[in-house]
Amino acid sequence: MPKPKVLATRPLFPEARQILNADCEVEYWQEPERIPREELLRRVRDKEALVCLLTERVDDELLASAPKLRIAANVAVGYDNIDVAACTKRGVAATNTPGVLDETTADFAWTLLMAVARRLGEGEALARSGNWKGWDLDQLVGTDVWGKTLGIVGFGRIGRAMARRASGFQMKVIYTDAVRAPEETERELQAEFRDMDALLSESDFISLHVPLLPETRGLFNAAKFSRMKRSAFLINTARGAVVDESALVRALEAGEIAGAALDVFEKEPEIHPGLKRKNVVLAPHIASASIETRTKMACMAAENVTALLAGRRPANLLNPEVLKTA
Ligand SMILES: NC(=O)c1ccc[n+]([C@@H]2O[C@H](COP(=O)([O-])OP(=O)(O)OC[C@H]3O[C@@H](n4cnc5c(N)ncnc54)[C@H](O)[C@@H]3O)[C@@H](O)[C@H]2O)c1
């Protein structure tokens, strides 16, 4: 029997290729640049499975040009690049990679938080510049992290991993979420629930961990920034569009907040020029980028594909309805 055909929009990692290659005939996009849209539409035409990244849009147009497609497996936990309803309508399974990147992503959100509070970007630039004249009392003085209040917006897997790390810094942790966490979780993580307004006015650091949904698009806008402390910092490792970038730039320019540290942007890879300021730390969407975690994510996506093609339920199915109608 011929093996099912799969398109992977990246060469993935050897461990993930091994999983896929055992059962499938896989075409890997190998070029250094991301796969152009027309090429993606052309190559997916005869495929039963697609392993894609968050840089590929899986929408009605793509689904219409892939009549044999049975699964779109995203190598990411966030799946705002996938129109899940359109997949469901066409009986295509959609999967993501939750859970395996929580700790790595939270580690990086902390990296950003500490970098912006302690002015690491400016310090690094000075140390490399050849212009450093030596220790001075008021040189690059930043803001303490320890003992401050951390406000977490979106208290899911990554938000909670963020909270777990705060106890070592003797911080007070408050959070807001569409769904309040069980009492036991609040107690274990020593995290207190707040409504958004209270979180905005009490937090010294606000870290975003909500998915990008119609309700969270532009969630952090001018009105939110105006309610934050002038000494507070915003950390975003969720999705760029959760923040209204132009409003953030205006808030930074007006000194309404003290700074920001961002891993994600509204129109990646473009970065709003107004964000290239000293009190903003910028990273190119690398919060989950450790070799261990990215390998796990790729393997998870590969396993979702092989499960579905073998007639089993993929572990991370986003639209279980497709199996009921099959
Ligand atoms: N920068 C990166 O590389 C990177 C890495 C991993 C995840 N992410 C992003 O982080 C997001 C969160 O991941 P997760 O695994 O923790 O997801 P999760 O589903 O475990 O948690 C999300 C939380 O947000 C809450 N939420 C949803 N809508 C809300 C709203 N309107 N208001 C308040 N709370 C709301 C949910 O109730 C949930 O508790 C992902 O969707 C992804 O976009 C980014």
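The values are calculated or read from the model by the stated rules, or taken from the named source; none is laboratory data. The shown structure was predicted, so the numbers you read here are calculated from the model rather than taken from an experiment. When we count neighbours, we look across all protein chains shown, and the Cβ atoms used for this are built from the backbone with ideal geometry, even at glycine. Note: areas computed on protein heavy atoms with side chains; ligands, DNA, RNA excluded. Shrake-Rupley method; radii C 1.70, N 1.55, O 1.52, S 1.80 Å.
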TODO: Consider V305 carefully, then state whether it is away from the ligand (no atom under 14 Å from the Cβ) and open to solvent by less than 10 Å² (accessible area, probe 1.4 Å).
DONE: yes
Task: Candidate set from segment 249-267 (those that are open to solvent by 70 Å² or more (accessible area, probe 1.4 Å) and over 29 Å from R157 (Cβ atoms)); member that is nearest to the ligand (Cβ to nearest atom) - done: R250
Open item on the list: Go through segment 130-161 and report how many residues are within 16 Å of the ligand (Cβ to nearest atom), in a loop (DSSP other than H, G, I, E, B) and aliphatic (A, V, I, L, M).
Closed with: 0
Open item on the list: Step by step: first the residues of segment 205-242, then only those that are among the small types (G, A, S) and open to solvent by 40 Å² or more (accessible area, probe 1.4 Å), then the one that is farthest from the ligand (Cβ to nearest atom). Which residue is that?
Closed with: S231
Open item on the list: Can you say whether K278 is of a type outside the set (A, V, I, L, M) and under 22 Å from I158 (Cβ atoms), as far as the supplied structure shows?
Closed with: no
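Determine, yes or no, whether L54 is under 18 Å from G311 (Cα atoms) and in a loop (DSSP other than H, G, I, E, B).
no
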Task: Residues satisfying the stated conditions in segment 1-49, i.e. surrounded by fewer than 15 Cβ atoms within 10 Å (Cβ to Cβ), among the aliphatic types (A, V, I, L, M) and part of a loop (DSSP other than H, G, I, E, B) - done: M1
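Of A106, A16, which residue is over 19 Å from E303 (Cβ atoms) and either touching a Gly at 6+ places or on another chain (Cβ under 6 Å) or not polar (S, T, N, Q) (or both)?
Exactly one of A106, A16 is over 19 Å from E303 (Cβ atoms) and either touching a Gly at 6+ places or on another chain (Cβ under 6 Å) or not polar (S, T, N, Q) (or both), namely A106.
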Open item on the list: Among the listed residues E270, E321, E245, identify the single one that is open to solvent by 10 Å² or more (accessible area, probe 1.4 Å), touching a residue at least 60 places away in the same chain (Cβ under 8 Å) and among the acidic types (D, E).
Closed with: E321
Task: Complete set of residues in segment 190-204 that are open to solvent by less than 20 Å² (accessible area, probe 1.4 Å), assigned to a helix (DSSP H, G or I) and touching a helix residue (DSSP H, G or I) at 6+ places or on another chain (Cβ under 9 Å) - done: L200
Open item on the list: Just the residues that are open to solvent by less than 80 Å² (accessible area, probe 1.4 Å) and closer than 18 Å to L112 by Cβ, please, taken from segment 278-302.
Closed with: N279, V280, V281, L282, A283, H285, I286, A287, S288, A289, S290, T293
